[in-house]
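Single-structure report; data block below.
Every number here is computed from the coordinates shown, using simple stated rules; none is lab data. Since we're looking at a predicted model, the values are computed, not measured. Cβ sites come from the backbone with ideal geometry, for glycine too, and all protein chains shown count toward neighbours.
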């Protein structure tokens, strides 16, 4: 079958080639008159069915229920339950794998110190970080469809939540209120995430482009690292602001508070952690080196403090932590109108940010292992996980990139590794908490810095610079905005620029003059193809954007100027007769666009020119037809299927009518 | 020349047609192997020169200085002065035309009653409306490039300014402060307008689409008419709110205040004015009927009130007006921080709204008379006019649609008609002001209603409904927003929806499966063209949008699903081998887009398929090449110039390699 069709395929091409090897001109002339392909409109559809199709494509592009078609009702029910609880996909046939155990223990050894550190980053009690590494992973194991995601608190969401809530309430002065606000924000974050998933508005996170994220992450990593200077230098009176300038001012202003013991410890552990990171990056098989380094550092530093009574020499320690599992916290959710605005806003920002990280991490590892992750379902899973979390003393969690990478490298097979991790954290919570009394804060700071340093992705920045200067600008604005203004505003600026850029592309669409590639009926951009040649008497233009309100004025002025230039430049022999507008690359048109086409038709007629439209696509053709029904501007003799056919037919015509 | 090229043109087509009449297959096969056109990248350009070209296309699409090239320096200077002062274009050769005199007097007879009415609409003293019809037209005559624009206060800008300023200050309680705020807002409006022109950001007003404007205008007309119920019914205690609901509630609540004398007068004059309007619409030659009707109504009603002493029977009158020309008002500009936010916001909104009206009116009449109006220059002219106006006791003015139409119909030739109008207003200001003492407010209300009724453009609404349901929704939202929420928020909602719609088009770009139109090498959308047929072994897809961060996830999932469906549906004979992605309609790509192409390439390879890219346009090709330099994903054998060539070449290849 391929062979047969293939013959047919190059048959066409053969004919095209035939021109080059030489063809009979007389026969060709007859053929030219005979073969003209009509522009068709798509089959008529009612407004309702068109609306339905559009809604489906917007909200259900993945058509999640296509497997359901034609199945008996009971099967449908089973499939629906499996759809909602992906755990049912793999648990019934699950046989315990050693890989999952190893992966689970490895990420637990990373999750415990990171949980404590990130909670401190959010100005929350350290134990909240451990609580958040226990319940949410269990929930995710039931609802989530990614096999590699390692769930827990993450640095950026912790940073943002802490900084936003601190603007209204001091965690030192009103610790209970601060905790209530954190749980309430987590609740709203979960609500936002689940709603985005249920309403299938997942594409909203797509507006955070890669360039935005690279710049934003790098900026956030630096802000987070700067915050650690408090712990690393042993400063007591540290600024509560986040920006680069106030933090550096505060550091320099308090040189007297610097403690050499703390700094020495900071440098040693930082070097250790970064070396471990470097080793694991160089030899991926040694992933466990960087995975276990934080826990090792915590153990060693705690022992050192304990042995040398270092807490009496200016090294600050975590102090007493209570044993026991998560307490219920639904009674701590605070819907007081005074703080409602703040918690909703904090929930929205942290929810979307952590969702972006979680979904991106899930997609990355899914494509590595070649399985599908349903974005909207993931959002529902992460959202429900946070709603449950907010009722069980957890704050915002998501799939963390660094821990998921360790999980993946450790060879996890299913979400069981999350369960193992949660159980390990549970054991810690029940029995091992007293061991953390002497853990110095400085080692937690070092762990955070070593973790976030990986968010500064210089090769990606270089790649963006090489690929696209505008993207680089977006990246730079996100970075500078985060560092100098604030985390949320930096993000808003970068998203704004990304969207403005898209709008600008539509406001100033690309228009090209096309020419004929010699010996073919192919027409291409004159600027790009040096062997394309102008066809005298014709101005062949392509527009590469939807024609709508945002660009009709521009298109109108630009085309008129081209026609003017052509008319004034042309000698009598090559006088301009036809303006061909190739609409192949115009996916849509609105009422302003149709008015523009009608205006252009009228104004070209005034100059004695004829406007020809080539290859309008479905929706555009439909609207041209509707405009035709009303006013009759575009008869079928001004519509052609290809530029080649239009030029051939029209130049035959003008040759025949020429004196 | 046309003839020769023509022959060349249909030569191509003849060959294409030749397929149908029959061609030698053996020769064709050889030709197919011989003729393959390479995809070219555009000539290399430095980043700086690309940036320069893009900036030029964004801000100077009209290339205003192209006439300057190659001229001697003195000529350049003369041209620059002429560019800044378009009056120099026509005054030196101006011979007085009777048409300008007639047009000037006609628009003056319209401008005087409208000026008084619109000033009342903005809660300003009536005389400010006349001042605003004197200085700004003179300034515009010097700076403006439209010959038909009749300058003066307009209804919508007056309404918005009044409603925004009333939110902060009561015009009855603090008349001087209110006046100061009005002048300051006018100053900022002018500043915004001139800046948009100087910074060449004129395209910002393009974001007000036709659908938005139609809905907005209709809503504003209704709001303005509702405000007139105070004058028409003779109500004394009227609400200060603007919405439909509070105004109707206020009208019904104060039935006791209705004065039958006022209502009788209102009905009579309204019928008269609407009849005059109808006559002029039906017979355009009688344009003067509706143009003079307002002044006639003012004269008749003033005489009636004077003769019958109607002011003593419940008919409210304007009262004493001072004679004399505009006083300087620069000392009244108020830059007090307390009101700065309000005046800047008011200036921004009224400035952009009145600019939109002015530029649209100028463009409409320019295209009727076939001359060019430079949008950015118009903005500078209107902006400077308002800055000068704010220093000479005028409030926001622009080119009014109704008066410009009368001006055009009266046969004006140059901006001299504006000068005549201004001189007539000057005479009125100097000598005729006492005559307005007995003019009843009810007739002013009737004049406003008769003027704004034309803003409700039902045929345009019907046309939008027929053309595009989404545009209709935008129109409806603008209308409902203005009527039920507020003028500014209605506008913001409509602009927001328009932009969201554009973004949605990019987030969910159109993708089509293409098929071959039998007997040609043309490939078109299977859905639109019933005679297009699938080519077995190939999946030919087109994407019709820039590929960027907002749609790569969607494209990725959608294409993978198509491949999956194809692979599972195909029998062994028609097994899928090649995925062709036609990039003709992809005008731009960003770094996310390039990553998507590389990912797609890898994942198709995993499924044993080959990804072929067809006809990438300039910018896209450039970036593909750069990605190639770095990673080498897209070798030249996976790039083709046309789908026809790709299919021909690849099916020959698979035929040859088939067992």
Stretchable slack from residue A:561 to residue A:333, in nm (0.36 nm times residue separation minus alpha-carbon distance): 75.7 nm
- request: Measure nothing but the geometry: give the 0 to 90° angle between the long axis through the Cα atoms of A:25-34 and the longest principal axis through the Cα atoms of chain A, rounded to 10°.
  value: 70
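Just to be sure I understand: of the beta bridges DSSP finds with both ends in segment B:509-657, what percent are antiparallel, rounded to 5?
Details: 9 of 22 bridges.
Just about 40 percent of them are antiparallel.
Let me check against my output: what whole-number percent is the relative contact order of chain B, with C-alpha pairs under 8 Å and at least 6 apart?
Details: 1042 pairs, mean separation 138.7, N = 659.
The value is 21 percent.
As an exercise, use a Förster radius of 30 Å and the Cβ-Cβ distance of residue A:63 and residue B:469 to find the FRET efficiency, rounded to the nearest 0.05.
Values: r = 23 Å, r/R0 = 0.78.
After rounding to 0.05, the efficiency reads 0.80.
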task: Post the alpha-carbon centroid distance, segment B:141-206 to segment B:353-381, in whole angstrom.
output: 17
query: Could you state the number of Å between the C-alpha centres of segment A:295-331 and segment B:547-610?
result: 52
task: Return the tail of the calculated pair distribution for segment A:277-413, meaning the percent of Cα-Cα pairs more than 24 Å apart.
output: 56
- line: Answer check: segment B:443-503, Cα atoms, Kirkwood Rh, Rg/Rh ratio of 1.07
task: For segment B:290-361, take the alpha-carbon Rg, divide it by the Kirkwood Rh, and send me Rg/Rh.
output: 1.16
message: Helix A:210-233 against the longest principal axis of chain A: what's the angle in degrees, Cα atoms only, rounded to the nearest 10?
response: 20
task: Tell me the distances, shortest first, between residue A:275 and the same position across the other copies, using label points 7 Å along Cα→Cβ, in nm to one decimal.
output: 10.2
- prompt: Rg and Dmax of chain B over Cα atoms: what are they, in angstrom?
  reply: 32.3, 109
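Once the Cβ-Cβ distance between residue A:458 and residue A:170 is put in as r, and R0 is 25 Å, what FRET efficiency do you end up with, to the nearest 0.05?
Values: r = 37 Å, r/R0 = 1.48.
Efficiency, from the Cβ-Cβ distance: 0.10.
Suppose we keep just the DSSP beta bridges with both residues in the protein assembly as shown; what percent of those would be antiparallel, to 5? Before the final figure, lay out each step's value.
Working: 24 of 50 bridges.
Beta bridges within the protein assembly as shown, antiparallel portion: roughly 50 percent.
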field: Label point 7 Å beyond Cα of residue B:236 along Cβ direction - residues of segment B:258-301 with amide nitrogen under 20 Å
entry: B:258-266
query: With axes computed from alpha carbons, what is the tilt in degrees of helix A:618-631 against the longest principal axis of chain A, rounded to the nearest 10 within 0 to 90?
result: 50
- prompt: How big is the Rg/Rh ratio for segment A:509-657, C-alpha atoms only, Rh by Kirkwood, two decimals?
  reply: 0.94
- prompt: Points 7 angstrom from Cα along the Cβ direction at residue B:260 and residue A:432: gap in nanometres?
  reply: 9.5
- request: For segment B:151-289, just say rounded, prolate or oblate: build the C-alpha gyration tensor, square-root its eigenvalues into a ≥ b ≥ c, call rounded for a/c under 1.5, and beyond that prolate if a/b exceeds b/c, oblate if not.
  value: oblate
field: Rg(Cα) / (2.2 N^0.38 Å) computed for the protein assembly as shown, rounded to two decimals
entry: 1.07
field: Helix-only mean residue ellipticity at 222 nm for chain B, each DSSP H run of n ≥ 4 adding -39500 (n - 2.57), per residue, nearest 500
entry: -20000 deg cm²/dmol
Antiparallel %, DSSP beta bridges [both residues in chain A], to 5: 50
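Would you please give the FRET efficiency between residue B:89 and residue B:369, computed as 1/(1 + (r/R0)^6) with r the Cβ-Cβ distance and R0 = 22 Å, to the nearest 0.05? Spell out each step's value before the answer.
Details: r = 15 Å, r/R0 = 0.68.
Efficiency, rounded to the nearest 0.05: 0.90.
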Cβ nearest the rotation axis (A onto B), residue from chain A and distance to the nearest whole Å: A:585, 2
